[in-house]
Amino acid sequence: MISGIRVNDTCVTEFNNMKIRKTCRWIIFVIENCEIIIHSKGATTTLTELVKSIDQNDKIQCAYVVFDAVNKIHFFMYARESSNSRDRMTYASSKQALLKKIEGVNVLTSVIESAQDVADFK
């Protein structure tokens, strides 16, 4: 926790529920008030659809996303091209705090800026 951002316990609980109980297909995490929390979760069928929905949500400038692709769990940081560098740096420096808490990520991708980037790491 070098950045001073802590991970809310609900993040770990919901990630484990997704991984083991298959309660959802994806989780979006955001930083609010120096804490990583769950923004939303759901059952979108493809990773491309999920990123497109994030692209269309103007309230999300940066986020962490986990996606259960049946046999692999993908983790990536989402950052709009228009997001400010301070937000990007905060998310980049806090990523390890979240990754240490959630175990079982198979595919780690650094930054996704739009749905077009998803095709690059399938």
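The values are calculated or read from the model by the stated rules, or taken from the named source; none is laboratory data. Quick caveat: nothing in here was measured; it's all calculated off a predicted structure. Quick reminder, even Gly has a Cβ in these numbers, built from the backbone with ideal geometry, and neighbours come from all protein chains shown.
Considering each of CYS34, CYS62 in turn, give the residue that is at pLDDT 90 or above and touching a Gly at 6+ places or on another chain (Cβ under 7 Å).
CYS34
Do you know which residues across region 16-57 are aliphatic (A, V, I, L, M) and over 16 Å from LEU98 (Cβ atoms)?
Selection gives ILE20, ALA43, LEU47, LEU50, VAL51, ILE54.
Which of the residues spanning region 78-116 are part of a strand (DSSP E or B) and in contact with a Cys (Cβ under 7 Å, 6 or more places away or on another chain)?
Within region 78-116, TYR78, ALA79 meet the criteria.
Look at ILE73 and say whether it is surrounded by 16 or more Cβ atoms within 10 Å (Cβ to Cβ), touching a helix residue (DSSP H, G or I) at 6+ places or on another chain (Cβ under 6 Å) and not hydroxyl-bearing (Ser, Thr, Tyr).
No, not satisfied.
Please work out if ALA63 is within 18 Å of CYS11 (Cα to Cα), of a type in the set (A, V, I, L, M), more than 12 Å from the chain's Cα centre (by Cα) and outside any loop (DSSP other than H, G, I, E, B).
no
Restricted to region 11-38, and to residues that are touching a residue at least 60 places away in the same chain (Cβ under 8 Å) and within 13 Å of the chain's Cα centre (by Cα), which residue is nearest to VAL65 (Cα to Cα)?
Checking each candidate, the answer is PHE29.
Any idea which of (1) at pLDDT 95 or above; (2) assigned to a helix (DSSP H, G or I) is the one THR48 doesn't satisfy?
Every condition holds for THR48 apart from (1).
At pLDDT 95 or above and crowded, with 18+ Cβ neighbours inside 10 Å: does that describe PHE29?
Taking the combined requirement at face value, the residue satisfies it.
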